[in-house]
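The values are calculated or read from the model by the stated rules, or taken from the named source; none is laboratory data. On a predicted model such as this, the values are computed, not experimentally measured, just so you know. Glycine gets a Cβ as well: all are built from the backbone with ideal geometry, and neighbour counts include every protein chain shown. Only protein heavy atoms, including side chains, enter the accessible area calculation; ligands, DNA and RNA are left aside. Shrake-Rupley method; radii C 1.70, N 1.55, O 1.52, S 1.80 Å.
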Amino acid sequence: MSRSSLDHRRATPVALRLGLAALLAAATACGHVRPEAAFPGVRDAVVARLDQRVHWRRGTAEDAAVDAAVDDLLAQPLDVDAAVQVALLRNPSLQATYEDLGVAQADLVQAGLLRNPVLTGAFRFPDRSPSGTNIEMDLAQEFVNLVFLPARTRIAAAQVVEVQHRVAAEVLDLAAEVRAAYWDLVAAHNTVAVLRTVAEVADVSRALTERLHEAGNVSELQLASETALATELELEVARAEAEIAPARERLGRLLGVGAGGGWSVPAQLPAVPEAEPDLPALEEAAYTQRPDLLAVQQEVAVLRDALGLQQVTRWFPIADVGVAVEHEREGTWLVGPSLSLVLPIFDQGNAERGRLESQLRQSEARLAARGLDVRAEVGAARARVASARAIAGRYRTALLPLRARVVALSIEHYNYMLLGPLALLQAKQAEVEALRGYIEAVRDFWLARTALERALAARLPVAVAAAPATDGAPAADAHRHHHHGGH
Amino acid sequence: MATRRQLLGSFLAAAGASLGHRLARAAEPLPTTSTTLAPGAAVAPPPVVTPDGASLPFEWKDGVKEFHLTAEPVWREFAPGMRVKCWGYNGTTPGPTIEAVEGDRVRILVTNKLPERTSIHWHGVLLPPGMDGVSGLTQPAIMPGETWAYEFTLRQHGTQMYHPHADEMLQMAVGMMGLFVIHPREAATPPVDRDFAIMLHAWAIHPGTYRPDPAVMLDFNMFTFNSKVFPATAPLVVKTGQRVRIRFGNLSMDEHPMHLHGFKFRVTGTDGGPVPASAQLPETTTLVPVGATRDIEFVADVPGDWVLHCHKSHHTMNAMAHDIENTLGADQRGVEERIQALLPGYMGMGQRGMSEMQDMAQHMKGPKNTLPMMAGKGPFGNIEMGGMFTIVKVRDEVSADYADPGWYEHPEGTRAWKVRA
C-alpha cells in the first residue's frame, strides 16, 4: 500500500530479466535508511485527532524553534491543551517511541535489500607435478530471496504503517495521561484552597469559643471540642497539601520538564461546559480512528500477507544460483552456472506455517477483543461523563445556591439573635463543604471526559461556561445588603 | 365623673328597651367596648373594654340572650410586621368577650367552620353537665359545618372564660379562647369606672413562620395581651381618680405574674368568684395561674404613664431564642474581622449587653414575619420591651372615647435627672 512497495512490485519482472549482475548493482544503490520518513504519518494522525503539534527531536534546527514555543507555553499558567502540547513536544518517552518508526523504517529498507551474494573460493596446491594452483570460486545468490523480495518489501511497508498506528496510539495515550494528571493537579490545588477555608471557619469557631470561654460563658469541654475540630481540619488541610507535590511531579514528568521550573497551573478547575458535542457521531468515528484499533487491523493484514507468502515459499525450491569458476592445474578456466538445492525432506515449512497461522488467529482475536474494548470504553466513559455532568450540575444549580441561601437566612436569624454565632459559622462550614463536594464532582467530570476523549481518540471541544468561584472565599459584596450601620 | 357611654348605658338600663341596645351599639365610638347589658342588669355596670378586641353582640329572643360564635381560622396581626395564622372566633383571637348578667338565661350558638371537630367549654361557669362542652363526655363533638346551641342560666358573677374541649391542646395553642364576663345583679361596692379584660397567652411561632406550633410545651417565644404584643398593645386610658378593674384570663401553659407600676391593687375576684374583702391582700404583682382568671382593682390616683407587664422578663421580649451562645462579656476583637472575611456583614453582638439590639434591628434584616426582640419608642428613647407589656395612661383630662392621650408630660422637677455624664 505504500508507494515503495508498489515500486518494488513493478521492479520485480525487470530484475528477473536483467539477471544477477544488474540486480546486484540496483540493490547496492538501495541501502540508505531515512528514519524520519514514517513520521509525517504519525504527525498527520495526531493533528487529525488532537489538533496539536508533534515533533521528533532529531538534532535539527527545528528543535530550537520547538523549544522556544514550549518555553512560551510554560511561561503562562497552563490550560489543559497547553499542557498536552508541551508533553507532545517535550516528553522524552515519546521521543523514544518515535525511534520505533526508525526501526520499522530500517526494517523496510532491509526488506528491500537482496541478500548479499556468497563468494566461496578454494585454492588447492598439488604436492607433485604438474604444478599449478587449482582455484575454484563460486559466486552464489539465494534465488528465493530474489523472487520474493517485492513481497517482503510490501509486508515491511505494511509493518511501517502498523508501527505508525502504534506510535500515534502512544501519543494519544500520553495526551490522555497528561490530561488526567493535569486535572488531578488542578483539583488538588483547588481542594486545598477550599479546605483552607473550611479549616479557617473551624479555627474562627475555635477562636470565638475561646473568647466565650475567657468571658466565663462556655465550658472548657466545649472549648476543647471546638479546638479538636479545628485541629482535625488543620490536619485535613495538611493531608490535602501533601497531594500537591506528587501530583506536580507526575504532571511534570509527563510534560518532560520535571516538577521544578516556573510552570504553573490555574488554582481552580474550569466549570463543566454547558453543552457537549454530538457524542454518537464521535462514537462512530472512534471505530475508524482509534490508532490502536487500526494498528491491530494492520497487524492482521500483515500476518495474513505473511502467511500467504509462506504458503508459496514453502514449496518453492530453496536454491542458490550463481557462477562457478574453476582454474584447472592445466591452466584451463572452467566457467559455468552453479546451482545448489535444499531438499525439503526434513523441514517442509510446516512449523513456520503453524506459527504464522497461530499468530494470525491470535491477532484476529485481539482485533475482536479490542473492538469490544473500544465499545466498552466509549460506553463507560460516556456514562461517567453524563453522570458526572449531572452531579456537578446539581451541585452548581441546586446545592451551592441552597447552601448560600442557608447562610444568608442564617445571617438574618443571627441579626435578630435567633441563631448563635457558632451556628452561623456552621452554616458557612456547610456551604464550603458543599463547594468541596462540587470540586470533586467537577474533577470527576474532567477525568471522565478525558477518559471519553481517550476512548474516542479525539479531543472534545469545550463550550466555555461561566464558572462560580470555587476557592471558598465569599463572593464580593455577597452579603453586603445585610450589613448594618454604626459599627 | 361618669363618661358619656356610662351615662348612655344608665339611660338605656332605665328605658329597658332592646331597641335602645341596638341604638347604643350604633352610637359606639369604639369597637373595642361592649354593648350595654340592659335590661337584665338591675344596675348597669360600665361596659367591659377588651383592648384590641370587642364584646360579642347578642339578641334578646323570648327572654333569652342569644349569642353566636363561629369557630374559624383567622389571621391576627400580633404587631406590624407579624401576621399569624390562628384559629379563633368571629374573625379574631381571642374570641369576642361575652358579657351577661347574673340571672340571665343565655343561649350560645356555636358554628364550626374549622377543618376539624370542636366544642366549647364554659370555663368556670356553673351550669348543667350537659352544657359543659366536653366532647365525647357530655356531648358529641361539633363537626365541621354544624351549629350547636348551649343554653343555661347564669347563677354567679365574675370573670369566666370559654375555650374548646375537643382537640383542646391544639386548638388553644393556635388561639381559640375568650373571656366570659358575668356582671353582678347587684351593683358592686364600690363600683368601678373602668373595666378592662385581658386574655394572656403564650405562643410558639418559630422565627420565619406564621403558624403557631402546638407541639411546643415550654419553649414559647411570643407572649400576648389579647393576642397582641408590645408595642402594638393598646394602652389602658384612665382618668385620674377613677376606680379601675383589670380582668386577666390565662389559657396558656405558663403562669404569668402580672405587675402594675405606680399603684397597689387588690385581687377582688378569681374564676371562682369574688374574693372576700378580708382576703384581698394589697399587692403590686399577682400571679395569674394556668387556667384561671384574676380581677384586680385599684384607684388610679396618680397621673402618668404606668407600665403593666408580666414580670417574667422573657415574656416581655418578642421572638427570643433560648439556645444560643451567651456572648455577654466576650471580647470579639480580632475574631470579628476574621468572621467578617468569611461572612461579610457579620457583627459581633451582645458583648456589652443586648440593648444595642433595638437600634440594630432597624438596620438589619431579620427572618420573614418575625419581630425583633425588643421594641417600642418612648419620649426618652427605646423602651426595649415586647410581648406582655402595655401602658396604663392616667390623665386628669381624657377624651370621651378614651383615645390615646400621647406621652405623659412630667411636671417640672418630678422626673429623674442626670447628675453627671
Task: B:Val229 more than 22 Å from B:Val394 (Cβ to Cβ), open to solvent by less than 10 Å² (accessible area, probe 1.4 Å) and not small (Gly, Ala, Ser) - done: yes
Open item on the list: Let me spell it out: the conditions are (1) within 14 Å of chain B (Cβ to nearest Cβ); (2) in a helix (DSSP H, G or I), and A:Leu399 meets all of them except one. Which number is the exception?
Closed with: (1)
- [ ] Scan the strands (runs of 3 or more DSSP E) fully inside the stretch B:59-101 and keep the ones with 3 or more residues being at pLDDT 95 or above and open to solvent by 40 Å² or more (accessible area, probe 1.4 Å).
- [x] B:64-79
Task: B:Gly345 open to solvent by less than 20 Å² (accessible area, probe 1.4 Å), more than 20 Å from B:Met199 (Cα to Cα), touching a residue at least 24 places away in the same chain (Cβ under 8 Å) and more than 17 Å from the chain's Cα centre (by Cα) - done: no
Open item on the list: Taking the criterion of being open to solvent by 20 Å² or more (accessible area, probe 1.4 Å), in a helix (DSSP H, G or I) and touching a residue at least 24 places away in the same chain (Cβ under 8 Å), would at least one residue in the stretch A:408-424 satisfy it?
Closed with: no
- [ ] Being of a type in the set (Phe, Trp, Tyr) and part of a loop (DSSP other than H, G, I, E, B) is the filter here, so list the residues in the stretch A:110-150 that pass it.
- [x] A:Phe125
Open item on the list: Regarding the stretch B:168-191, can at least one residue be identified that is more than 30 Å from A:Glu412 (Cα to Cα), part of a loop (DSSP other than H, G, I, E, B) and at pLDDT 95 or above?
Closed with: yes
TODO: From A:Leu456, A:Leu447, grab the single residue that is at pLDDT 95 or above and either open to solvent by 10 Å² or more (accessible area, probe 1.4 Å) or more than 14 Å from chain B (Cβ to nearest Cβ) (or both).
DONE: A:Leu447
Open item on the list: When you check B:Lys377 against the structure, is it more than 30 Å from B:Gly241 (Cβ to Cβ), touching a residue at least 60 places away in the same chain (Cβ under 8 Å) and open to solvent by 50 Å² or more (accessible area, probe 1.4 Å), yes or no?
Closed with: no
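Here is a yes/no grid of residues against (1) open to solvent by less than 60 Å² (accessible area, probe 1.4 Å); (2) within 30 Å of A:Val86 (Cβ to Cβ); (3) away from chain B (no Cβ under 12 Å); (4) of a type outside the set (A, V, I, L, M):
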| residue | (1), (2), (3), (4) |
| --- | --- |
| A:Ala193 | yes, yes, yes, no |
| A:Thr197 | yes, no, no, yes |
| A:Ser205 | yes, no, no, yes |
| A:Leu229 | no, no, yes, no |
Open item on the list: Just to be sure I understand, how many residues within the stretch A:295-321 are open to solvent by 30 Å² or more (accessible area, probe 1.4 Å) and either touching a strand residue (DSSP E or B) at 6+ places or on another chain (Cβ under 7 Å) or among the aliphatic types (A, V, I, L, M) (or both)?
Closed with: 6
Task: Residue match in the stretch B:316-327 (condition: more than 14 Å from chain A (Cβ to nearest Cβ) and within 29 Å of B:Glu255 (Cβ to Cβ)) - done: yes
TODO: Name the one entry in A:Asp100, A:Asp127 that is among the acidic types (Asp, Glu) and free of Cβ contacts under 8 Å to residues at least 12 places away in the same chain.
DONE: A:Asp127
Task: Unmet requirement for B:Pro367, which otherwise passes all of (1) facing another protein chain (nearest Cβ under 7 Å); (2) open to solvent by 50 Å² or more (accessible area, probe 1.4 Å) - done: (2)
Task: Number of the condition not met by A:Asp107 [criteria: (1) among the acidic types (Asp, Glu); (2) under 37 Å from the mean Cα position of the chain (by Cα); (3) not in a helix (DSSP H, G or I)] - done: (3)
Open item on the list: Test of understanding: among A:Ala247, A:Ala271, which residue is in contact with a helix residue (DSSP H, G or I) (Cβ under 8 Å, 6 or more places away or on another chain), outside any loop (DSSP other than H, G, I, E, B) and either open to solvent by less than 50 Å² (accessible area, probe 1.4 Å) or polar (S, T, N, Q) (or both)?
Closed with: A:Ala247
Open item on the list: Out of B:Gln358, B:Gln340, I need the residue that is touching a strand residue (DSSP E or B) at 6+ places or on another chain (Cβ under 7 Å) and within 12 Å of chain A (Cβ to nearest Cβ). Which one?
Closed with: B:Gln358
Task: Filter result for the condition that a residue is touching a residue at least 12 places away in the same chain (Cβ under 8 Å), under 30 Å from B:Asn221 (Cβ atoms) and either within 14 Å of chain B (Cβ to nearest Cβ) or surrounded by 17 or more Cβ atoms within 10 Å (Cβ to Cβ) (or both), over A:Ala388, A:Ala392, A:Ala430 - done: A:Ala430
Task: Failed item in (1) modelled with pLDDT of 95 or more; (2) touching a strand residue (DSSP E or B) at 6+ places or on another chain (Cβ under 9 Å); (3) hydrophobic (A, V, I, L, M, F, W, C), with A:Leu119 passing the rest - done: (1)
TODO: Select from the stretch A:391-424 the residues that are touching a helix residue (DSSP H, G or I) at 6+ places or on another chain (Cβ under 6 Å) and polar (S, T, N, Q) and list them in ascending order.
DONE: A:Ser410
Task: Lone qualifier among A:Tyr395, A:Tyr416, A:Tyr438 - being within 21 Å of B:His322 (Cα to Cα) and among the aromatic types (Phe, Trp, Tyr) - done: A:Tyr416
- [ ] Evaluate the following for A:Arg361: is it part of a helix (DSSP H, G or I), at pLDDT 85 or above and within 22 Å of A:Ala455 (Cα to Cα)?
- [x] no
